[in-house]
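Trainee: First the structure, which I've put down as structure tokens, then a few questions once you've had a look.
Quick note: the coordinates plus some simple rules give every number you see, no bench work behind them. Small disclaimer: the values here were computed from a predicted structure and weren't measured. Reconstructed Cβ throughout: ideal geometry from the backbone, glycine too, with neighbour counts over all protein chains shown.
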Amino acid sequence: MKNRIDEVFKNEKKILSIYFSAGHPNLDDTVSVLKNLQKSGVDMIEIGLPFSDPLADGPTIQKSSSKALKNGMTTEKLFKQLEGVREEIDVPLIIMGYFNPMMQYGIDNFCKRCKLIGIDGLIIPDLPVNVYHENYMALFNKYGLYNMFLITPQTSVERIRYIDKISNGFIYMVSNTSITGMKNTFDETQIKYFKRIKSMNLNTPTIIGFGISNTETYNSSVKYSNGAIIGSAFIKFLEEKGVEKTNEFVKSIR
Amino acid sequence: MNYNINKKGYYGYFGGAFIPEMLYPNIAELRENYLKITNDSAFKKEFDELLKSYVGRPTPLFFAKRLSKKYNAKIYLKREDLCHTGAHKVNNTIGQIILAKRLGKNRIIAETGAGQHGVATATVCALMGVECVVYMGELDIKRQAPNVARMKMLGAAVSPVTSGSKTLKDATNEAIRDWINNPLDTHYIIGSVVGPHPYPDMVARFQSVISEEVKSQLKELEGRNYPDYLIACVGGGSNAAGLYYHYLNDVRVKMIAVEAAGKGIKSGKSAATSALGKEGIIHGSKTLLMQTADGQITEPYSISAGLDYPGVGPMHAHLFLTKRAEFISIADQEAMNWGLTLSQMEGIIPAIETAHAFAVLDIKKFKPDEIIVFNCSGRGDKDLETFINYFQL
């Protein structure tokens, strides 16, 4: 069975993937954000499932996440909003969220709903690789869902090899030892790290995220990896300019 | 049944390390080294020496004569309130600061709710001459001004947390985020038996000095080294973990864990995690926690800031599930009244957290020859303002 994530990496060498928090700025914006992003030509979209305690996220995503919760967003509501989304949206869709809300929904149920809707994969920052490998990989495979893992500048070579071995879709390279948020440029240490990972010739494509906010950081990302993920900068833009102007944001990046 | 942690870092079903990849190297470093370092004889020597000369250990095991008479049992108080800085918290911060030094870390971060753990951390950082940043919710900073001042006097930077509900759970999130951003030079001193493995086990081991002393003190006082009951309050659960530790697998000893019911379990303003919580993940640990049906972590309430944590350490979740410990919840009012009772019957003003534990005497009946050990975990100085307002003193 084909997964849209594989297709997009096969066809496009410079992926632009955009993250946003579902239910933000307004509860019912989710599908309209998706449509606008696709129309603007982004290659892949990560839908953030809001959580009260997003450990790995910086201030912008913390705020959009808690705003979404205040707007009344829940896991069930998100699934309802996404029903039928595949009639209009062709780009790969990934749900990114913390593990606790998925546990409460029931992991099996959660995966089943994702499959029915046409979600291609998940990113769960606080589900460690080994726990996934031992307990959940079979389930994800059953529903044809990919689970993407993060690596950081501190991740050891052995661990990167291990992650590469059990990964599908792509490996999410965290650009820096940091939580999410915007930076204007990459420094020398970061570029060295990008080069090091590139020279490892991993089997799985890589895509760089955290700290990408403009053309410069996007261009360096796609130079050393297969793509870039932008979150905080887009969320800020949405708050300031609104969903309809999405095209403007994407044009400002590439 | 074994109630200790297993090789994979779980207490039965609970525990583990549900952490983002960014924290993996730090947690792995700690996991691979904490037993090696803490079992080293030079470490033990330094730890024991500081507990003795700086903290003031061993703390007395005090026979409470008037309470014993009134409640018709042999009641002992383990006087952790006499520790330097006023509570058991410092046992753990002493251990972790020595560990941090041996790991080559020169910057310490910590979270704090009421400020007790923050003060205990700032204290040991001053002692060792190490930089210290304490994360504290903006709301708690307002509620706990004297402890904020203490931390500042001790040279720590108190960093206000404005995210989420601006209390302990958010301060913990913020400390974890700091650690993600500063993985190389920084050690995170968690204040309770919570967080990802190996923290719950490590903190329990540092606090286990409490039950180690109880064992030898009871032997001397009663001719046997175990009590019939151990009773302690539980927020995250570090003082209870310390009191239980050496008795976990000794089933002659019954354990009672006392949680804060706040304004009542069904009032929506409570911190009784065992009664209200469901299994889930908080701060990197699989445990019982208070949350919405949708898995969003909710804000607990208790009049005592040290008990209003929405989760509970994984060891306690396991003790609850296996019924090894009995969990009882006590409301604000009963706890406050026991603050007065203990003061007037034994001349000991307890912390409000600690006062919760004593309220068990109104609920459970004991036999005259039964030996009961309460963990008198902290003193009430920090709570004077609350007592003053509550009783119009």
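Trainee: Eigenvalues of the Cα gyration tensor times 5, then square-rooted: what semi-axes does that give for segment A:52-190, in whole angstrom, largest first?
Mentor: 25, 21, 14
Trainee: Still on this structure, I have one more. Express in whole angstrom the spacing between the alpha-carbon centres of segment B:200-235 and segment A:19-48.
Mentor: Computed from Cα coordinates, the inter-centre distance equals 55 Å.
Trainee: Still on this structure, I have one more. Give the average, rounded to an integer, of partner chain Cβ atoms located within 10 angstrom of each Cβ in B:295-303.
Mentor: 4
Trainee: I'd like to know how segment A:14-253 sits against the 2.2 N^0.38 Å rule of thumb: what's its Cα Rg over that expected value? Walk me through the intermediate numbers first.
Mentor: Values: Rg = 16.7 Å, N = 240, 2.2 N^0.38 = 17.7 Å.
The value comes to 0.95.
Trainee: Out of the trypsin sites (Lys or Arg not before Pro) in segment B:281-338, which ones are loop residues according to DSSP with at most 12 other C-beta atoms within 10 Å? Intermediate values should be presented prior to the final figure.
Mentor: Numbers: sites: B:LYS286, B:LYS323, B:ARG324; in loops: B:LYS323, B:ARG324.
Hits after loop and neighbour filter: B:LYS323.
Trainee: My understanding is that a pair violates if its Cα-Cα distance is over 24 Å; which of A:LYS2/A:LYS112; B:LYS8/B:LYS215; A:LYS13/A:LYS142; B:LYS152/B:LYS286; B:LYS52/B:LYS367 do that in this structure? Each step should come with its number before you reach the end.
Mentor: Numbers: A:LYS2/A:LYS112 17 Å; B:LYS8/B:LYS215 29 Å; A:LYS13/A:LYS142 29 Å; B:LYS152/B:LYS286 34 Å; B:LYS52/B:LYS367 35 Å.
Listed pairs above 24 Å: B:LYS8/B:LYS215; A:LYS13/A:LYS142; B:LYS152/B:LYS286; B:LYS52/B:LYS367.
Trainee: Between B:GLU29 and B:LYS278, what is the spin-label point distance in nm, taking each point 7 Å from the Cα along the Cα→C-beta axis?
Mentor: Here the modelled spin labels are 3.8 nm apart.
Trainee: Modelling each spin label as a point 7 Å along the Cα-to-Cβ direction, I'd like the A:GLU239/A:LYS2 distance in nm, to one decimal.
Mentor: For the pair A:GLU239/A:LYS2, the computed spacing is 3.9 nm.
Trainee: Would you mind telling me the antiparallel percentage of the DSSP bridges in segment B:13-145, rounded to 5?
Mentor: Numbers: 3 of 9 bridges.
Once the DSSP bridges in segment B:13-145 are tallied, antiparallel ones form about 35 percent.
Trainee: Right, another one. Among DSSP bridges having both ends in chain B, what percentage is antiparallel? Round to the nearest 5.
Mentor: Working: 15 of 50 bridges.
The answer is about 30 percent antiparallel.
Trainee: Give me the inter-chain shielding for A:103-110: mean count of other chain Cβ atoms within 10 Å, whole number please.
Mentor: Values: counts 8, 10, 3, 0, 0, 0, 0, 0.
Averaged over the peptide's residues, the number is 3.
Trainee: Further, regarding this structure: Calculate how many DSSP beta bridges within the protein assembly as shown are antiparallel, expressed in % of all such bridges and rounded to the nearest 5. It would help to have the intermediate numbers written out before the result.
Mentor: Details: 15 of 78 bridges.
Around 20 percent of the beta bridges assigned by DSSP in the protein assembly as shown are antiparallel ones.
Trainee: Further question on the same structure: Using a 10 Å cut-off on Cβ atoms, rank the peptides B:157-167, B:254-264 from the highest mean neighbour count down. List each step's numbers first, then the result.
Mentor: Working: B:157-167: 18.5, B:254-264: 23.4.
Highest to lowest by the protection proxy: B:254-264, B:157-167.
Trainee: May I pose another question? How many Cβ atoms of partner chains, on average, are near each residue of B:279-288 if near means within 10 Å of its Cβ?
Mentor: 3
Trainee: Go through the protein assembly as shown and flag any cysteine with no other cysteine's C-beta closer than 4.7 Å, please.
Mentor: So, A:CYS111, A:CYS114, B:CYS83, B:CYS233, B:CYS376.
Trainee: Tell me the relative contact order for chain A as a rounded percent, counting alpha carbon contacts under 8 Å between residues six or more apart.
Mentor: Numbers: 458 pairs, mean separation 58.5, N = 254.
Taking the mean separation of contacting Cα pairs over the length of chain A, I get 23 percent.
Trainee: Sorting check: for B:185-193, B:52-60, which peptide has the highest mean count of neighbouring beta carbons within 10 Å, and how do the rest follow?
Mentor: Details: B:185-193: 24.7, B:52-60: 16.2.
Result, highest mean first: B:185-193, B:52-60.
Trainee: Here's something else I'd like to know. Just need the Rg to Rh number for the protein assembly as shown, please, alpha carbons only, Kirkwood Rh. Mind showing how you got there, number by number?
Mentor: On the way: Rg = 25.8 Å, Rh = 25.7 Å.
Dividing the radius of gyration by the Kirkwood radius yields 1.00.
Trainee: Using a cut-off of 15 Å between alpha-carbon atoms, which aspartates and glutamates can reach A:LYS183, once sequence neighbours fewer than 8 places away in the same chain are excluded?
Mentor: Partners within reach: A:ASP57, A:GLU216.
Trainee: Based on the mean of other Cβ atoms within 10 Å per residue, sort peptides A:64-70, B:93-99 so the most packed one is first. Present the calculation step by step, with values, prior to reporting the outcome.
Mentor: On the way: A:64-70: 21.9, B:93-99: 25.0.
Listed from highest to lowest mean packing, they are B:93-99, A:64-70.
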